[in-house]
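Worksheet for the structure shown next.
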Amino acid sequence: MADAAVARYGRVRLATEALAGGLSAEDAGAQAMPDASPVKWHLAHTTWFFETFVLVPRAPGYRPASPEFRFLFNSYYDTVGERPRRSERGLLTRPSLAEVWEYRRAVDTAMSALLEREGVRVERLVDLGLAHEEQHQELIVTDALALFARHPLEPAWHETASAPSLPGAGWLDREGGRVAIGHDGVGFAFDNELPRHAVLLRRHRIARRPVTGGEYLAFMADGGYRQPLLWQDDGWECVRRYGWNAPEYWSYRDGAWTAMTVAGRRPVNPEAPVCHVSWWEAEAYARWAGKRLPTEEEWEDAADSFDSGMVWEWTASPHRPYPGWRAPTGAFGEYNGKFMAGRFVLRGGSLATPAGHCRKTYRNFFPPSARWQFSGMRLAEDV
């Protein structure tokens with residue numbers, strides 16, 4: 001058991017480090033925008049998580065690598081203490097990237113010793129820490145892409161498989177009725193996936209696949225970004241304030257639409273899922289198409305009947321606690337509980353999501369204006 005736990009811990013940690021391959025110290029320290037974080041900060045924060053929540057309380061005699069790290073690499077845990085502004089993480093030129101690597105090595109050594117000694121006693125904490133690290137693996141990809149998209153040379157970072165072309169359009173008829181939603185308690189789940197509960201769904205149809213780039217191009221060509229009646233008021237304000245006229249990272253060059261990817265700028269694939277759209281854009285597109293976004297309950301109920309995982313899919317559901325939800329005690333009550341207002345739920349995962357990390361009950365969530373994530377949409381309609 002201990003050997004398996006040590007090996008699993010090592011695999012996840014090494015996967016994070018592999019993502020940082022090909023980045024210079026300058027790349028790793030830069031911050032593209034307030035919502036993104038430097039890769040160096042992600043490497044340190046995921047290490048801080050294990051040090052703060054596992055080693056300090058559970059490993060007698062452990063001494064933190066640097067007392068200042070408790071402050072520098074705290075993300076949003078007010079119960080732990082003060083922290084730098086999120087928008088200023090790119091100003092943290094100290095410690096160096098080399099020192100962050102040393103920090104990871106020291107914590108990994110201490111964690112391996114703890115797992116060999118304690119094993120099952122720390123299993124739940126370590127499971128949460130590894131799931132948390134996998135979330136940051138995805139953020140490393142999204143945040144580095146945001147950085148390189150703002151570089152005038154638009155450099156390639158990783159050669160990666162592009163999103164596959166989707167099958168033909170079609171609909172799944174859903175009878176509705178009383179269905180069970182939420183995690184069933186087998187294996188790991190975040191607290192916001194619980195408790196499992198019953199909901200009542202009306203009859204509806206849900207698309208077999210996400211909206212494609214070609215379908216979204218038709219929305220754009222029809223003046224979708226110029227028709228205020230398609231938009232919620234706050235969404236329309238974003239269109240006007242930020243000059244939105246296409247998904248994030250799209251650019252019209254030499255008579256064709258292109259998109260910035262981790263492999264550099266590429267032509268938009270009209271048969272692949274549209275990506276990097278906000279909730280406002282997804283909702284406006286659905287209205288233009290005469291459809292709507294599915295609720296997260298509709299999405300989860302139908303998830304076994306369609307393929308997902310190419311883009312995170314916006315739903316119509318705000319991120320709110322499930323009936324009977326109780327916040328975990330202590331600092332972990334802040335993990336999801338303080339973000340249950342002003343955000344919408346996305347389902348399904350993306351090509352940047354670590355393999356095996358997502359499940360159909362996984363509730364991702366972002367503000368409706370977020371576009372730097374690998375986010376798209378699937379449509380639904382009432383019948």
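The values are calculated or read from the model by the stated rules, or taken from the named source; none is laboratory data. Predicted model, so just to flag it, every value in this text is computed and none were measured. Using ideal geometry, Cβ is built from the backbone for each residue, glycine included, and neighbour counts are taken over all protein chains shown. With ligands, DNA and RNA removed, areas are computed over all heavy atoms of the protein, side chains included. Shrake-Rupley method; radii C 1.70, N 1.55, O 1.52, S 1.80 Å.
Table for the structure above
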quantity	calculated
Strands (runs of 3 or more DSSP E) contained entirely in region 165-264, each with at least 3 residues that are open to solvent by less than 70 Å² (accessible area, probe 1.4 Å)	177-181, 197-201, 204-207, 256-261
Among (1) under 24 Å from F148 (Cβ atoms); (2) open to solvent by 30 Å² or more (accessible area, probe 1.4 Å), the one test that V277 misses	(2)
Residue ID - nearest to S305 (Cα to Cα), chosen from residues in region 156-180 that are within 23 Å of the chain's Cα centre (by Cα) and of a type outside the set (S, T, N, Q)	L166
Among (1) closer than 24 Å to A156 by Cα; (2) touching a residue at least 24 places away in the same chain (Cβ under 8 Å); (3) part of a helix (DSSP H, G or I) - the single one E26 does not satisfy	(2)
Qualifying residue in region 119-136 (condition: open to solvent by 60 Å² or more (accessible area, probe 1.4 Å), touching a helix residue (DSSP H, G or I) at 6+ places or on another chain (Cβ under 9 Å) and among the acidic types (D, E))	yes
Criterion violated by R89 - all others in (1) within 25 Å of P60 (Cα to Cα); (2) open to solvent by less than 30 Å² (accessible area, probe 1.4 Å) satisfied	(1)
Residue check for C275: part of a helix (DSSP H, G or I) and either in contact with a Phe, Trp or Tyr (Cβ under 9 Å, 6 or more places away or on another chain) or at positive phi (or both)	no
Single residue of G81, G61 found to be open to solvent by 60 Å² or more (accessible area, probe 1.4 Å), without any contact (Cβ under 8 Å) to a residue 24 or more places away in the chain and at positive phi	G61
